[in-house]
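Below you'll find the structure, written out as structure tokens, and then a few comments.
No lab work stands behind these numbers, since they all come straight from the coordinates. The structure displayed is predicted, hence computed values, not measured ones. Every residue, glycine among them, receives a Cβ derived from its backbone with ideal geometry; neighbour counts consider all protein chains shown.
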Amino acid sequence: MTHSLPKKSTSRSERKRQQIRDAARQLFLEKGYANTSTDAIAQASGVSKHTLYVYYPSKEVLLIDVMRQLVRFIPDGNIDVSLEPPTDRQALRRSLLSLADQFLTGTMQKDYQGLIRLLIAESPQFPQLATLFNEMLPQKALQRIESLLTEAEKLNTIQPVNTNASARLFLGSLLTYAIMDGLFIAPEPPRLPETAQVEQLIDLYMRILYA
């Protein structure tokens with residue numbers, strides 16, 4: 001009995017948060033960020049404005065959480081604990097493939113691409129959006145890759161490298177798909193690369209690491 005109550009409370013809290021996120025995502029995509037008021041979000045999500053602010057102290061924070069939910073591979077920590085330790089070359093390759101799959105599956109979603117376009121269009125008027133997005137999404141993705149490479153170094157799986165530069169090289173190659181096969185082909189839906197393409201990219205990257 002004593003242990004079930006917190007679980008139920010947490011579950012209700014997360015359901016309410018998801019309710020707000022869903023309503024906000026729809027409004028942001030339909031009306032844009034500037035034209036979506038917190039009153040409209042509260043009304044669409046069926047909560048009071050006070051409740052909205054309990055979960056999200058600002059509209060900017062809500063937008064970032066909407067995007068984080070679309071790209072679930074970004075956790076609060078640096079690296080997903082589900083990734084296997086890079087104890088050898090094949091284990092590292094599998095982890096890189098997993099990261100690439102999670103990144104592309106998340107960033108190539110239609111709604112995520114729509115929110116990126118919204119962010120690009122409105123960041124000159126709301127520069128704090130670009131800062132928040134960069135800190136909470138691209139930077140955390142970069143940190144995850146750096147953490148994996150750092151762990152691989154410690155395990156002597158790879159020789160010492162500039163982990164930041166190496167992580168940027170890997171992330172940048174994935175971003176070409178998100179940009180060239182996503183953002184730049186609107187109004188067509190984003191085109192996910194074939195698995196074989198991603199594997200070839202990983203193999204080329206591995207050659208650089210082991211050169």
Taking I202, I120, I145 and counting other C-beta atoms within 10 Å, the order from fewest to most: I120, I202, I145
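Exposure proxy check: V198, V54, V161 ranked by fewest other beta carbons within 10 Å?
V54, V161, V198
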Radius 13 Å from Cβ of S123, net charge of other residues (Lys, Arg +1; Asp, Glu -1): -1
Cα-centre dipole for the chain with unit charges at Cβ (Lys and Arg positive, Asp and Glu negative), debye to 20: 660 debye
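In the range 4-57, how many lysine pairs have Cα atoms under 22 Å apart, counting only pairs 8 or more places apart or on different chains?
Counting lysine pairs in the range 4-57 gives 4.
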Neighbourhood net charge (15 Å Cβ-Cβ; Lys/Arg +1, Asp/Glu -1) for Q19: +4
Sequence of M67, M136 once ranked by neighbouring C-beta atoms within 10 Å, starting from the fewest: M136, M67
Positive-end extreme of charge dipole, the chain - chosen from S98, T38, L27 (charges on Cβ): T38
The range 161-185-the range 13-58 distance, computed between alpha-carbon centres (Å): 31 Å
Degrees separating the helix 110-122 axis from the principal Cα axis of the chain, which is the longest one: 80 degrees
Residue-count net charge about S166 - beta-carbon cut-off 12 Å; Lys, Arg +1, Asp, Glu -1: -1
